[in-house]
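The values are calculated or read from the model by the stated rules, or taken from the named source; none is laboratory data. Just so it is clear, the structure is predicted and the values come from calculations on it, not from any experiment. For neighbour counting, all protein chains shown are included, and Cβ atoms are generated from backbone atoms with ideal geometry for every residue, glycine included. Keep in mind that these areas ignore ligands, DNA and RNA; they rest on the heavy atoms of the full protein, side chains included. Shrake-Rupley method; radii C 1.70, N 1.55, O 1.52, S 1.80 Å.
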Amino acid sequence: MALDVELAEIRDFLAAQEPFADLPQEALTRLVPRLTVEYHRRGTAIMTPGRDSVHLYVVRSGAVDMRDAIGTLVDRGEVGDCFGSTTLLGGNPSTFSVVAIEDTLTLAMGAATFAELCNDHREFGEFFDAQRTRRMAGAVAAKQASASGSAILKTRMSELARKAPITVSVRANVREAAQVMSDAGVSSLLVMDGERLAGIITDRDLRNRVLAAGRDGTTPLAEVMSANPVTARADGLAFEAMLEMVARNIHHLPLMDGDRAIGVVTTTDLMRLEQANPVYIAGDIAKQKDSAGVAAAAARLPRVVESLVAQDASAADMGRIVTSVGDAVERRLIALAEERLGAPPVPYCWVTLGSRARMEQALAADQDNALIIDDAAQPADLDYFAQFAELVTGWLVEAGYPRCPGDVMATNPKWRITLREWKHVFGEWLNAPVPDAILRASIFFDMRPVAGDAQLYAELDDLVRSQAPSSKRFLSHLAGAAVANEPPVGFFRGFVLEKEGEHAHTLDIKRGGVGAVVDLARVHALALGLPARNTDERIAGAVAAKVMGAARGADLRDAFEFISYVRMSHQAAQVKAGTPPDNHISPDELSSFDKRHLREAFGIVRSAQSTLGTVYGTGKLG
């Protein structure tokens, strides 16, 4: 049967999508003329609860949202995804709504044709039975979750790993991997080199990198897999994984417990939890075509924080959300800068510093970033990165992240240097420390890669972690600075307030509150060579290493959470009042409960500082 060009294109499109890829070629050829192409403008309802639907739809271009009868998001359909099968299999009327969230083209298949395919091809029907089960389970889970959006904030990734991952050896070929996927009924495999995770292969990889590329089944799996894939920690939060997947446009995320792979989480798993504003902000950011669009999307973040405080989310969770949205902003702006300037002449790594590196960013944060450039860079290459840094930092200002008053940004040539030069700088800090320089440099010991070649950062981090524990004078200077950063509470437990200036009669809850705990935890982490950047994790590491007692560690973590929560609440109240958020709190706005517990929290911090000062003999330093 001869097909015209348009029908042939549709057949080839379907042949690359589940479950049509499993249909014989002749079945696809017969199917295509029986389909109808439909156009749906953005915002159009394609299916509505309570109304009959007699079609299976395949998204040809665009995207749709599927929601249950009370409006909770159950699934999101993108190119190649199908919807409508739940109604066809379960009977009308529909219990879901499907709305085009972009201008969308669909291929519509009549109920009779759908039933015929299900009867004639067992795997085709089983695919939609499984999809129906997943979506109904997702709807029930979403309905049971609280309307405030707390499920996605509180769910740990380990809760989503219900079964062990299906794996294959890195020495297998494509045919063997496809057989394992088919036998197990999964859409991805973890590729293992012994006990080490070497990569991941998905059904989309097999279609795009094997079938579409004309490779055969004997192709080594290592040639087509995604090597060293992005992973998620088992104790991480679901929203963090969702933001990461949206930002990187990936659909499968291996789940790790230390170095051990324990499962795979998909976008469908995460979208079942419930709708959450931070996710949609990150998704919108990733789609923006220019810096103005990114800034408009990022401007919604303060209202999200206000909502999170109303939901009584923890300060740690809020910090991770604010950080993750900031990462999404920075990554998109970096991608736009590369589009503007062209591909970089040599590899680089854009790193973030300070609170965002620790996953603890609040509102009112300015920029702290730097560039690590590959040692192969020539003098002419550095001009590219100077322009690159100016573009990104300028756009970050537009997006609500002011320039750093201390000029700790990639626009500063001191912080836009090669890996070799970075190693020299850190070597001087560690081996020939000067007190004032160490105080200014402490922010660089909270560093995390955001975009580019993360291996450049890893090499620098290895140097710091290997040398810091033996750099006793450096640690003593750092401990001295930590001890000097006293909480804003006086001898008689009264708050120490700013005496003059714009913030007179307020306490700076960031500098002597949040910052004091951050400084303490940093010293312990560097002394132990810990990989942790997050303050809570650093304290936990110190307890595990028995350099801090369990009770002291628990108290300090609680104090840090409480101080941080008061800070976030203060900023949320400012957002609600329409004033710019800051870190300066008037005691008059605190309840008696908050005042009492802040004093206790500051007392815990001061006690921990005293112990640190004794250990490092900070009073003896010249």
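Carbon and sulfur atoms: what percent of the 1.4 Å accessible area of region 504-622 do they account for?
The computed percentage sits at 55.
Once both labels are modelled 7 Å past Cα along the beta-carbon direction, what's the S314-E398 spacing in nm?
Computed distance between label sites S314 and E398 equals 3.7 nm.
Suppose we keep just the DSSP beta bridges with both residues in region 150-253; what percent of those would be antiparallel, to 5?
If we restrict to bridges inside region 150-253, about 75 percent are antiparallel.
Could you do me a favour and compute the accessible area per residue for region 217-363, 1.4 Å probe, result in Å²?
Each residue of region 217-363 exposes 35 Å² on average to a 1.4 Å probe.
Between S169 and residues 5 or more places away or on another chain, which pairs have amide H atoms under 5 Å apart, with H built 1.01 Å from N, and which residues are they?
Under 5 Å from the amide H of S169 lie the amide H atoms of M192, each far enough along the sequence or on another chain.
³J(HN,Hα) across region 428-440 via Karplus (A = 6.51, B = -1.76, C = 1.60, θ = phi - 60°), whole Hz, x for Gly/Pro?
Running phi through 6.51 cos²θ - 1.76 cosθ + 1.60 with θ = phi - 60° gives 5, 4, 6, 9, 9, x, 10, x, 5, 5, 5, 4, 6 Hz.
Can you list the HN-Hα couplings for region 195-202, worked out from phi with the Karplus curve (6.51, -1.76, 1.60; θ = phi - 60°), rounded to whole Hz and with x for Gly and Pro?
With coefficients 6.51, -1.76 and 1.60, one gets 8, 8, 6, 9, x, 9, 10, 10 Hz.
Sequence gap at least 6, Cα distance under 8 Å: using those rules, report the relative contact order of region 248-391 to the nearest whole percent.
After rounding, I find 19 percent.
In the chain, if the dipole is taken from +1 on Lys/Arg beta carbons and -1 on Asp/Glu beta carbons about the Cα centre, which of S307, P435, V575 is farthest to the positive end?
P435
About its Cα centre, how strong a charge dipole does region 1-64 have in debye, to the nearest 20, once Lys and Arg get +1 and Asp and Glu get -1 at the Cβ?
340 debye
With every protein chain kept in place and ligands, DNA and RNA left out, what is the accessible area per residue of region 455-511? Probe 1.4 Å, answer in Å².
Each residue of region 455-511 exposes 56 Å² on average to a 1.4 Å probe.
Quote the FRET efficiency, to the nearest 0.05, computed for V37 versus S158 with a Förster distance R0 of 35 Å and r equal to the Cβ-Cβ distance.
In this case the efficiency is close to 0.20.
With only Lys, Arg, Asp and Glu charged, each at its Cβ (+1 for the first two, -1 for the last two), find how big the charge dipole of the chain is about the Cα centre; round to the nearest 20 debye.
Computed about the Cα centre, the dipole is about 1500 debye.
Pull out the extension gain between A15 and T113, defined as 0.36 nm times the separation in residues minus the alpha carbon to alpha carbon distance; nm, one decimal.
Working it through step by step, the gained length comes to 33.6 nm.
In the structure displayed, which of K287/K414; K423/K472; K289/K510; K546/K595; K472/K510 lie more than 26 Å apart, Cα to Cα?
K287/K414; K289/K510; K546/K595; K472/K510
Under 1.5 on a/c is rounded, so check that first for region 412-535, then, if it is not, pick prolate when a/b is larger than b/c and oblate when it is not; a ≥ b ≥ c are the square roots of the alpha carbon gyration tensor eigenvalues.
Because a/c hits 1.5 or more and a/b exceeds b/c, region 412-535 counts as prolate.
Which of A521, A482, H505 sits closest to the plus end of the dipole of region 482-535, meaning its Cα is farthest towards the positive end, when Lys and Arg get +1 and Asp and Glu get -1 on the C-beta?
A521
Determine the calculated [θ] at 222 nm for the chain from helices alone, applying -39500 (n - 2.57) to every DSSP H run no shorter than 4 residues and normalising by the residue count; nearest 500 deg cm²/dmol.
That comes out to -15000 deg cm²/dmol.
Can you tell me how much longer the chain between V54 and E176 gets when fully stretched, taken as 0.36 nm per residue apart minus their C-alpha distance, in nm with one decimal?
Net length gain for the segment: 40.0 nm.
Counting only protein heavy atoms and using a 1.4 Å probe, what share of the accessible area of region 289-405 belongs to carbon plus sulfur, as a whole percent?
Answer for region 289-405 is 52 percent, counting heavy atoms of protein chains only.
Using Cα-Cα distances under 8 Å and only pairs 6 or more residues apart, what relative contact order does the chain have, in percent?
9 percent
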